[in-house]
Amino acid sequence: MAELRAWRVHDGAAWNAFVESAPYRSFPQLWEWGELRAGFGWHPLRIAVGDDPADPPQAGSQVLLRRVPGVGWRLGYVPRGPVGALDEPAVREAMVAALRSLARSEGVATVKVDPEATASSAYGQALEAAPWRPAAKVQPPRTRLIDLAPSEDALRGELKRKHRQYVNKAERAGIVVEPIDGSADAATAARALEDFYRIYAHTARRAGFVARAKRYYDRVWELFAASGHARLAFATRDGERLATLFHFTCGDRAAEAFGGMTDDGADSRANYLLKWASIIGFKHEGFAAYDLWGLATGGIAQFKEGFGGRQVDYVGARDLPLRRAEDAALRLLLPAYGVAQRTRLRLTGRHLAGSED
C-alpha cells in the first residue's frame, strides 16, 4: 500500500457522504454534530486519511477541540469516531499520525476517541493497546442493536410476551403513531418541538435526570432535520401526544437518542407501540439496523431488551496523549473541572441526558 496522506475536509456534503458509507459509522461523526457543538464552546475539525484528496477517504475523524480554562492547551474529542477502514493497520497508523499532528498545529495535549469498535475487531484490539489508554466514558459504551433484515413477523416474534401484549393494548386503545421529518412546515415543526420538549422534560423530572434548555433541541432539529438526518415520532390518541422519540439517521442505521412519555402515555403503554412502530417503520424504509442507543441499568435496560436485538459492548473511550507534560497536568485538572461544569449545568438546567458531546 502506498503511503497514506492526511488532509482537512471543508465540504459538509462530501464529509457526510464519506461518514454514511464508512465502517464504524455513527451520527456524531456527521458534519452537523460538529456545527451543533460549535455553539457550545467546541471547534470542529474534519481530518481525512487516504491516498489522495481527490478520492474518497479511507478513514476520518471529526475532532472537537476545546481550550481548557486557565491554561494554553486544548483537548480533542472524536465523538463516536474515528470511522473508516480502521481494521487495516496502515490506515490506523495514518489516522494516529494525523491526530498526533494536532499537538503541533492546534496545541492539543490529549485526544479522546470512542468509536463503535468491539473488542473482537482488529480496530478494537488496537485501541486496547499502546499508545492508547482507558478514559472516562462520554458516549454509552454498551447498546442494543436490532437487525432489520428479518421479516416483520420474525421481528415481532423477538418481542418479549409482555411487550407484545402492551403493543396490542395500545393499538386497541386507538393510539396511532405520527412521524415528523424535515419536510414539515415551520409551524408544524415548531409545535412538534414544543410537544417533544414538554414530554421529554416531564420524563426527566420523573426519572431524575435534567434536560438541556429547549433551545438546544431546537438547534439539533434545525441542523439535522434539514439534512435528512433527524426524525421525531409521537404516539397520539384523540389528538393528544402521549409519547415521543427523537431519532438520528446515518447511512443505513437509525438511532433513538431522546424520548419520553406522559403519565397517560405510561398508563396506556403508548411508549411500547411507539418504539415498535419506529423499528418497523425504519425497516420498511430500507434501513439495516436500529440502535437503542445505550443500555442503562434496571427498568430502562429491561424495557429495551424486550424489543429483541443483541447487546453490543464497545471498547469504550480511549485517550491518545500527544504532549506528555501537558497531558499529565490535564489528568490532574480535568476531574475538578468536570465536577464544576456538571454542577453549573445542573444548576442552570442545561445538562444533556443522552449524548453529551
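The values are calculated or read from the model by the stated rules, or taken from the named source; none is laboratory data. Source: prediction; values computed, not measured. Using ideal geometry, Cβ is built from the backbone for each residue, glycine included, and neighbour counts are taken over all protein chains shown. These accessible areas exclude ligands, DNA and RNA; they are computed on the full protein's heavy atoms, side chains included. Shrake-Rupley method; radii C 1.70, N 1.55, O 1.52, S 1.80 Å.
Long-range amide H contacts for LEU242: which residues qualify at under 5 Å (H placed 1.01 Å from N, peptide plane, sequence gap of 5 or more or a different chain)?
ALA235, THR236, ARG237
Give the distance, in whole Å, between the Cα centre of segment 242-316 and the Cα centre of segment 213-232.
18 Å
List the equivalent ellipsoid semi-axes of segment 12-151 in whole Å, largest first, each obtained as the square root of 5λ for an eigenvalue λ of the Cα gyration tensor.
Semi-axis lengths for segment 12-151 are 23, 17, 17 Å.
Viscosity 0.890 mPa s, temperature 25 °C: what is the translational diffusion coefficient of segment 116-219 from Stokes-Einstein with a Kirkwood Rh over Cα pairs, rounded to a whole number of µm²/s?
131 µm²/s
What whole-number value in cubic angstrom gives the convex hull volume per residue for the C-alpha atoms of segment 134-278?
With only Cα atoms used, segment 134-278 gives 149 Å³ per residue.
Give me the three principal axis extents of segment 159-216 from the C-alpha atoms, as integers in angstrom, largest value leading.
39, 32, 18
Calculate the dipole size of segment 216-293 relative to its Cα centre from +1 charges on Lys and Arg beta carbons and -1 charges on Asp and Glu beta carbons; express the result in debye to the nearest 20.
Rounded to the nearest 20 debye, it is 200 debye.
Once you charge only the Cβ atoms, +1 for Lys and Arg and -1 for Asp and Glu, what is the size of the charge dipole of the chain about its Cα centre, to the nearest 20 debye?
Dipole of the chain, to the nearest 20 debye: 1540 debye.
For segment 49-132, what is one quarter of the convex hull surface built on the Cα atoms, given in nm²?
The orientation-averaged projected area of the Cα hull of segment 49-132 comes to 5.8 nm².
Extending each Cα 7 Å along its Cβ direction at ARG66 and ALA329, get the distance between those two points in nm, one decimal.
Placing both labels 7 Å along Cα→Cβ, they lie 1.9 nm apart.
Probe of 1.4 angstrom, ligands and nucleic acids ignored: what's the accessible area per residue over segment 123-263, in square angstrom?
46 Å²
Quick one: Debye curve from the C-alpha atoms of the chain, no solvent, what's log10 I(q)/I(0) at q = 0.10 Å⁻¹?
-0.64
Measure off, as a whole percent, the carbon and sulfur share of the 1.4 Å-probe accessible area of segment 187-300, all protein chains present.
Accessible surface attributable to carbon and sulfur in segment 187-300 totals 51 percent.
Report, in degrees rounded to the nearest 10, the 0 to 90 angle that the Cα long axis of helix 161-172 makes with the longest principal axis of the chain.
So the inclination is approximately 60 degrees.
Can you tell me what percent of all Cα-Cα pairs in segment 240-284 are more than 14 Å apart?
Of all Cα-Cα distances in segment 240-284, 49 percent exceed 14 Å.
In terms of the ratio Rg/(2.2 N^0.38 Å) built on C-alpha atoms, what value belongs to segment 13-62?
With N residues counted in segment 13-62, Rg over 2.2 N^0.38 Å equals 1.14.
Restricting things to alpha carbons, tell me how big segment 1-86 is in terms of Rg and Dmax, in Å.
13.3, 44
Going by alpha carbons, how many degrees (0 to 90, nearest 10) lie between the helix axis of 324-347 and the longest principal axis of the chain?
30 degrees
Where Rh denotes the Kirkwood radius from the mean inverse Cα pair distance, what is Rg over Rh for segment 126-186?
1.20
With a sphere of radius 12 Å drawn around the Cβ of PRO115, what net charge do the other residues whose Cβ falls strictly inside it have (Lys, Arg +1; Asp, Glu -1)? Write out the running numbers ahead of the final one.
Working: positive: ARG25, ARG80, ARG92, LYS112, ARG318; negative: ASP87, ASP114, GLU116.
Here the count lands on +2.
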